[in-house]
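Scroll down for the structure; my scribbles are underneath it.
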Amino acid sequence: MKQFSDDIGMEFGLEKCAKASFKKGKLTSTRNIVIDVDTEIQELGKEGGYKYLDVDESGGIQHNKMKEKTRKEYNRRVRAILRTELNGRNKMEAINSLAVAVVQYSFGIIDWKISKLKKIDTKTRKLLNMHKMLHPKADVERLYIPRKDGGTDLIEVETAFKTAAIGKHKERRYPKQLRTIRIQSHKFNNQERH
């Protein structure tokens, strides 16, 4: 590697490099790799880790650590958006494109439990309530319905996860909510006739 970098006249950042050795899936300790007299690649420590595509890894993905990091970043972005002077519609669009995207990126990488995603949705509703964007007694389902159908068009993190998991198209991202509204409106119409 040293000869290659010298040949092309390019210097690699070897001080950022580390090596990890695994035997039967367990991180083991071995000697450092000597490149030349002055340079060697250090062993990655047991508590150390590395990032690949912004996901912390070391002997596999550290799911709990990454879930916490993703959740904190999502909440930070939602708070920042809600502090802006955007109107309600633009705040919802900003949350969908800037905050929900952080969690959506992790769906194929991190093992999420539905209960954790529901907690993220609950926290989002609490933040909306704190910033006077949602009344405490407001209908939760309406929050996630498309704007053209009378909702606020916020993407529910749990629904986004299920959509990503089964690969449905965007047009069909609210089937549960729309079915609930159709049933409730049908019941309401029948009560008016009697």
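The values are calculated or read from the model by the stated rules, or taken from the named source; none is laboratory data. All figures in this text were calculated on a predicted structure; none of them were measured in a lab. Heads up, the Cβs are rebuilt from the backbone with ideal geometry, glycines too, and the neighbour counts pull from every protein chain shown. Heads up: the accessible areas ignore ligands, DNA and RNA and are worked out on the full protein's heavy atoms, side chains in. Shrake-Rupley method; radii C 1.70, N 1.55, O 1.52, S 1.80 Å.
Odds and ends about this structure:
- Extreme residue, nearest to Thr124 (Cα to Cα), among residues of the stretch 142-153 that are assigned to a loop (DSSP other than H, G, I, E, B) and touching a residue at least 12 places away in the same chain (Cβ under 8 Å): Tyr144
- Test: Lys113 is farther than 14 Å from Arg71 by Cα, basic (Lys, Arg) and free of Cβ contacts under 8 Å to residues at least 60 places away in the same chain: no
- Pairs, first without any contact (Cβ under 8 Å) to a residue 24 or more places away in the chain in the stretch 71-82, second open to solvent by less than 10 Å² (accessible area, probe 1.4 Å), C-beta under 6 Å, six or more apart: Ile81/Ile95
- Verdict on Ile166 being open to solvent by 40 Å² or more (accessible area, probe 1.4 Å), closer than 20 Å to Thr70 by Cβ, at pLDDT below 90 and of a type outside the set (Asp, Glu): no
- Identity of the residue in the stretch 62-87, within 15 Å of Lys113 (Cβ to Cβ) and surrounded by 18 or more Cβ atoms within 10 Å (Cβ to Cβ), that ends up modelled with the lowest pLDDT: Met66
- Screening Ala101, Ala94 for residues that are open to solvent by 10 Å² or more (accessible area, probe 1.4 Å), under 16 Å from the mean Cα position of the chain (by Cα) and within 12 Å of Ala160 (Cβ to Cβ) leaves exactly one candidate, Ala101.
- Verdict on Arg125 being open to solvent by 40 Å² or more (accessible area, probe 1.4 Å), at pLDDT below 90 and charged (D, E, K, R): no
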